[in-house]
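*Asks:* Sharing a structure with you now.
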There are 4 protein chains.
Amino acid sequence: LQVAIQNVTGYAGLTTALLLQQHPEFHLVAVSGRSEAGKTVREVFPYWPGWEDLRIETEVPAVDLVFSALPHGAAAAAIEPLYRAGSKVVDISADFRLRDAEVYEHWYGRHPFPELLEEAVYGLPEWHRAALSQARLVGNPGCYPTASILTLGPALAAGIIEHEVIIDAKSGVSGAGRGLSLGTHFSEVNEAVAPYAVSGHRHTPEIEQELSLIAGKPVVALFMPHLVPMSRGMEVSCYARLRQPTTTPEVLDLYRRQYADEPFVRVVDGPPSSKWSSGANTCYIHAAVNRQGTHLMAFGVIDNLVKGAAGQAIQNANILCGLSESMGLMMPPIFP
Amino acid sequence: LQVAIQNVTGYAGLTTALLLQQHPEFHLVAVSGRSEAGKTVREVFPYWPGWEDLRIETEVPAVDLVFSALPHGAAAAAIEPLYRAGSKVVDISADFRLRDAEVYEHWYGRHPFPELLEEAVYGLPEWHRAALSQARLVGNPGCYPTASILTLGPALAAGIIEHEVIIDAKSGVSGAGRGLSLGTHFSEVNEAVAPYAVSGHRHTPEIEQELSLIAGKPVVALFMPHLVPMSRGMEVSCYARLRQPTTTPEVLDLYRRQYADEPFVRVVDGPPSSKWSSGANTCYIHAAVNRQGTHLMAFGVIDNLVKGAAGQAIQNANILCGLSESMGLMMPPIFP
Amino acid sequence: LQVAIQNVTGYAGLTTALLLQQHPEFHLVAVSGRSEAGKTVREVFPYWPGWEDLRIETEVPAVDLVFSALPHGAAAAAIEPLYRAGSKVVDISADFRLRDAEVYEHWYGRHPFPELLEEAVYGLPEWHRAALSQARLVGNPGCYPTASILTLGPALAAGIIEHEVIIDAKSGVSGAGRGLSLGTHFSEVNEAVAPYAVSGHRHTPEIEQELSLIAGKPVVALFMPHLVPMSRGMEVSCYARLRQPTTTPEVLDLYRRQYADEPFVRVVDGPPSSKWSSGANTCYIHAAVNRQGTHLMAFGVIDNLVKGAAGQAIQNANILCGLSESMGLMMPPIFP
Amino acid sequence: LQVAIQNVTGYAGLTTALLLQQHPEFHLVAVSGRSEAGKTVREVFPYWPGWEDLRIETEVPAVDLVFSALPHGAAAAAIEPLYRAGSKVVDISADFRLRDAEVYEHWYGRHPFPELLEEAVYGLPEWHRAALSQARLVGNPGCYPTASILTLGPALAAGIIEHEVIIDAKSGVSGAGRGLSLGTHFSEVNEAVAPYAVSGHRHTPEIEQELSLIAGKPVVALFMPHLVPMSRGMEVSCYARLRQPTTTPEVLDLYRRQYADEPFVRVVDGPPSSKWSSGANTCYIHAAVNRQGTHLMAFGVIDNLVKGAAGQAIQNANILCGLSESMGLMMPPIFP
């Protein structure tokens, strides 16, 4: 299958390209970029693997499958003609994640093609696999939502927690993208941990939308992201009041049953480290009840650029194309 | 004044020694260590500043002031004779922090000198200054409790939040000490963030004891520590349900009034970075109300080895000795 | 083919196991460990990929192919019976790298099976491919020698530099292994760069042996390693006096011709970053002439655990088994 | 004494301001910045210590003492009127380091006030103390030259090495300044070590100028800088052919005699770590002879922002003002 990537020069697009090197069915034939158009990928990324070089264009053609990694707004505009022309599209931006155009507008501004929202499927295979297998347009989840929904989903589906959850999330710096700012300057963020977006982060409505669907009624999330001095990786610690007495073993059993057949989610007996997921498409989850028996504490880790972006995008693309869901995604973690 | 340090070879003892180099009144005359006894400090620490070397002994004499940085249990046993002999003592271990010998026993094992517990004062000057000025034995707070109590204290004192709080804490690796383990091995913890002590951390009872005192009735804390890949620094993000409607400006005003005259606490308008405190004795705090107006979110950062250990120990010692509280502690942060 | 790993619990053995997950022909059927024998791999490494677990044994059977990642001395003793029983063996330790038993003894102690030394081939495919294709026992190069020999080889083969070279090497901390010491303690080595082994590093004779073979006469290496605060990766900066006037373009052309057909060496136009190699089996090399035209400066980067250990071991095993040399090794770099 | 800082918003200016907080005689009364003019220092640096805020102006007045931390070219232009008006000036930029206006022009462009070059003294107190005590304008050395000259000076002064030296230097990222670029982007340089400026770094002529003065005849330096993933700190490894047989103990003795009375240089028995100098004004040096007895290997570490910039600037200012050279500079290292 012929594949293209829009905006290969950001970290999500770049990681998609790197991971595709090992995919047996997806052949990358075109990439676009913005500031770097005209150069070849190897001029921009000297570590580009393989022996084929590609020129970065301003646009990509309507090939079989398109991964879009443009900023929100720009993504929908660039995707629409390709989608109309018949391409399957996995959008790694935020443009096709929210089902409600008004919610989108509140957080991101007016949506250029709101009529497409109902054709898009939210690309979290563990909770939307059936719909994805019929889809042609996927809104690939954000990194924080991927970790948060996978980590809280089983407890909400089983109805064991209240519908108000606190999510304290920690992300590596690559989550802030390849753009330049003091907030990504090595000397400023190294040896530092800090909360940010205290007044509200754009991933909140996405988390609430999906958790509400799982719970069957509205879920409110207090979502607080933090920046941690590492390149990749993400951990979410989730807290919610229990609706009934339960125990850590019972909760772990519940989680294990939920994800028993999942190739990319593993429930573990103790707290996971974000490093276990580094470079891999695996989400590790642990859950426990606090000493007083009042709260669920659930912990999830992913690589923000793999299961949190490019890896999940390929997982979704595999489903869209009728391939094995884990094709090209069995890379081991980079540990240590 | 003549000063000694017990167990100078751990990070808390070492940092105390390093900070004392700039103190005009405290003259370090004796240090003890355990595995390294017999060597000089400079053989163990080639970066020992100043031009005087000291031999590491197995015990220190009863000089005017003793900083103890031994592990719990060992600390109380080593402190007792010095205290009886008239030394002022600041214990950086956990042995004199908890007022209740049974609570101590539950978390640490039987206390060797429970009768001393009532003579000790909890060494958080911002909340116990008067008692400290009359004390001769101080239980220097743990790093997590220092950050947590300073960050939640004003809200509990003012009665604006419920008495059940969630504290999600992130610490640099030096908090785990100088001992060797896979959990402090560079390759294992670099590029990694992970929760730990899910079933309960020993700093929890200390946090609950002090927050309950401030609130005037029992406070329950869900305290969850995480390890972050940096040498020093700590951040706590605290969440609690509001008891009444309020706003971020009102909360900030409340915090500013509480700490208006404090030399080592500064309330800031946005979320702080742990790096602002690096090497300094300052705690930075921010607080805000979430979008829904249901919860207080309060954030505090300290250097875990300075305000969270050695710096606060010197601050307490200054009070004990009737000196200016900030003497020798005005070092700037190391930024970047 | 059935494959076993000796000492899977060190970083070299672990990385070999992780990389083998993607190899289509090598099936890992047995692993041994030392302190962890009796546990399963997943009990020790929760991030072990795939869905099969394996028990860690004290010894492995004589299967088709054995990777040995034991410490020197122990490796030769454990390899000998398997080799005698017919297994092909790639030894990642130092036991079969040096051709001269006396040199070995000087640096490592008496060799237990010196008679095997002449049956072993030094496993740097770029310079010993023909011999490797006939071998059954391979001494897999050290990480520093791999980078150093690849980086200096073309200049020595072409005779353009003097036979006295200076190699200033920088390694990530995983090169020091999974063992515990203050030298791998996060808080001690983070935010630190330091030279070590000033009086002589064991990789020096290995570098000299191979560079001398390439040059056709004795080469003396001043080899100085440094520890850098990162988990993986290595860079060598090599300096040698030119024997004749030349230019940077001429030198780059010489290097490009040497490595034109190599799947895992790439000559680049500017100085490479160790990060380009992270997780991949690729060595990037740049070479230049200094302003005065007196010296060659050549720079090489590898991932110390991939091309510097496990990846190269699999590359060698592919050659030994008559497979495509790059089979299972086309993983992209982890960037960023 | 009243003190001002030009360009407080770069890391050298900022660090000077932070260090001045502990200086008993220098009172910071004015600061200038460029992009941030009009704001207060605390608006730009929330971690600004002390209780006085200062407004960032576009220019500073001709107070007793001025530290200039402007980029080269801009520095000389801004310094000239203040110097003419009678201020003592320590220039942390490159504008007054090179004695030869033509050499300056080759590396930096035309010098705006070449006539001032002969009035300036190179501010390395360990080698120019007498001249500094008579000076009113100081060219504060670059970070790399400070480490390199201190590390090689004794061997060249004693005539034990050839006049061609190789300096392989490793710097933390703060050396690249507070400006934004991919080369200081956390995700790009974390977990990475890389050489840069292969075709020539601007600190080379400064190193050669000073080493030649010490040696009494021209010294040629092959200077190769590398970027290492840490915020602060610097290490130089220097290699030079010995002119006569000697031993490591003899060399160490030579170095110890050279620096016996220096408050900020310490010669140590083994290789130093850059972390020993973190936050302190101390340079640690080790020197050894290689196994073959052919080369001197000398190693030096400093904090690039303290002894390599702001600390040394204050040391020079102390000398200019007739104060104790170490006044305000006895801060201990930040370790770990």
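*Asks:* So what's the projected area for the protein assembly as shown, the Cα convex hull averaged over all directions, in nm²?
*Replies:* If you wrap the Cα atoms of the protein assembly as shown in a convex hull and average its projections, you get 47.2 nm².
*Asks:* Let me ask something else about it. Which of these, D:Gly109, D:Gly300, D:Gly308, has the largest mean-square fluctuation under a Gaussian network model of chain D (Cα springs below 10 Å)?
*Replies:* D:Gly109
*Asks:* List, in order, the whole-Hz ³J(HN,Hα) value for each residue of the range D:44-49 obtained from phi through the Karplus relation with A = 6.51, B = -1.76, C = 1.60 and θ = phi - 60°; use x for Gly and Pro.
*Replies:* Each residue of the range D:44-49 in turn: 8, 10, x, 8, 4, x Hz.
*Asks:* At a 10 angstrom cut-off on C-beta neighbours, averaged per residue, how do the peptides B:230-242, C:250-262 rank from highest to lowest?
*Replies:* B:230-242, C:250-262
*Asks:* What number, in percent, do you get for the relative contact order of chain C if the mean sequence gap of Cα pairs under 8 Å and at least 6 apart is divided by its residue count?
*Replies:* Answer for chain C is 17 percent.
*Asks:* Run the dipole for chain A about the Cα centre, Lys and Arg Cβ at +1, Asp and Glu Cβ at -1, nothing else charged, and hand back the magnitude in debye, nearest 20.
*Replies:* 400
*Asks:* If amide H atoms are built 1.01 Å from N in the plane of the peptide, which residues on other chains or at least 5 residues away come under 5 Å of the amide H of D:Ile334?
*Replies:* D:Ser278, D:Gly279, D:Ala280
*Asks:* For the protein assembly as shown, give the magnitude of the charge dipole about the Cα centre (Cβ charges: +1 Lys/Arg, -1 Asp/Glu; no others), in debye to the nearest 20.
*Replies:* 0
*Asks:* Also: Just want the answer: with Cβ charges of +1 for Lys and Arg and -1 for Asp and Glu, which residue in D:Leu254, D:Val103, D:Ile314 is farthest toward the dipole's positive end in chain D?
*Replies:* It is D:Leu254.
*Asks:* Using only the Cα atoms of chain B, what semi-axes does the equivalent ellipsoid have when each is the square root of 5 times a gyration tensor eigenvalue? Give whole Å, largest first.
*Replies:* They are 32, 21, 20 Å, listed from largest to smallest.
*Asks:* Continuing with this model, one more query. What residues have an amide H closer than 5 Å to that of C:Asp95, excluding those fewer than 5 places away on the same chain, when H is modeled at 1.01 Å from N in the peptide plane?
*Replies:* It is C:Gly73, by chain and number.
*Asks:* Also: If you average the C-alpha positions of the range C:194-231 and of the range D:185-241 separately, how far apart do those two centres end up, in angstrom?
*Replies:* Going from one Cα centre to the other spans 21 Å.
*Asks:* Calculated FRET efficiency, D:Ser133 and C:Arg34, Cβ-Cβ r, R0 51 Å, to nearest 0.05?
*Replies:* Once the sixth-power term is evaluated, E becomes 0.20.
*Asks:* Separate question: Enumerate the calculated ³J(HN,Hα) couplings along the range C:225-233 in order (Karplus 6.51 cos²θ - 1.76 cosθ + 1.60, θ = phi - 60°), each rounded to whole Hz, writing x wherever the residue is Gly or Pro.
*Replies:* Values per residue, Gly and Pro as x: x, 9, 9, 10, x, 8, 6, 10, x Hz.
*Asks:* Next question, about the same structure. Mind listing the long-range amide H neighbours of A:Arg178? Cut-off is under 5 Å, sequence gap 5 or more, other chains count too, H placed in the peptide plane at 1.01 Å from N.
*Replies:* Those qualifying (amide H under 5 Å, at least 5 residues apart or on another chain) are A:Tyr11.
*Asks:* Within 10 Å of each Cβ in peptide C:220-229, how many partner chain Cβ atoms are there on average? Round it to a whole number, please.
*Replies:* 6
*Asks:* Hey, can you find the accessible area per residue of the range B:27-176 for me, probe 1.4 Å, expressed in square angstrom?
*Replies:* Per-residue accessible area for the range B:27-176 comes out at 36 Å².
*Asks:* Among D:Leu82, D:Leu28, D:Leu182, which one moves the most in a GNM of chain D with springs linking Cα atoms closer than 10 Å?
*Replies:* Looking only at D:Leu82, D:Leu28, D:Leu182, the largest GNM fluctuation is found for D:Leu182.
*Asks:* Quick check on my link table: of A:Lys170/D:Lys307; C:Lys39/C:Lys170; A:Lys39/C:Lys275; A:Lys170/C:Lys39, which ones sit more than 30 Å apart, alpha carbon to alpha carbon?
*Replies:* Beyond 30 Å: A:Lys170/D:Lys307; C:Lys39/C:Lys170; A:Lys170/C:Lys39.
*Asks:* Tell me, what ³J(HN,Hα) does each residue in the range B:25-34 have, in order and in whole Hz, if you take phi through Karplus 6.51 cos²θ - 1.76 cosθ + 1.60 with θ = phi - 60° and put x for Gly and Pro?
*Replies:* 10, 8, 10, 6, 10, 8, 9, 10, x, 10
*Asks:* Going out from 0 in 5 Å bins, what whole percent of all Cα-Cα distances in the range C:70-187 drops into each bin?
*Replies:* 2, 10, 17, 18, 19, 16, 10, 6, 2, 0
*Asks:* Quick one: grab Rg to one decimal and Dmax as a whole number for the range D:85-144, Cα atoms only, in Å.
*Replies:* Values for the range D:85-144 (Cα only, Rg and Dmax): 11.3, 32 Å.
*Asks:* What whole-number distance in Å separates the alpha-carbon centres of the range C:108-162 and the range B:1-46?
*Replies:* Comparing the Cα centres of the range C:108-162 and the range B:1-46, I get a distance of 50 Å.
*Asks:* A further question on this structure: Evaluate the charge dipole of the range A:52-170 about its Cα centre and quote only its size in Debye, nearest 20, assuming +1 on the Cβ of each Lys and Arg and -1 on the Cβ of each Asp and Glu.
*Replies:* The dipole of the range A:52-170 has a size of about 180 debye.
*Asks:* How compact is the range D:129-273 by the rule of thumb for globular proteins, expressed as Cα Rg over 2.2 N^0.38 Å?
*Replies:* 1.14
*Asks:* Enter the buried accessible area of the C/D pair, total of both sides, probe 1.4 Å, in Å² rounded to the nearest 100.
*Replies:* Counting both chains, the buried surface is close to 3900 Å².
The values are calculated or read from the model by the stated rules, or taken from the named source; none is laboratory data. These numbers were taken from a predicted model, which means no experiment stands behind them. Heads up, the Cβs are rebuilt from the backbone with ideal geometry, glycines too, and the neighbour counts pull from every protein chain shown. With ligands, DNA and RNA removed, areas are computed over all heavy atoms of the protein, side chains included. Shrake-Rupley method; radii C 1.70, N 1.55, O 1.52, S 1.80 Å.
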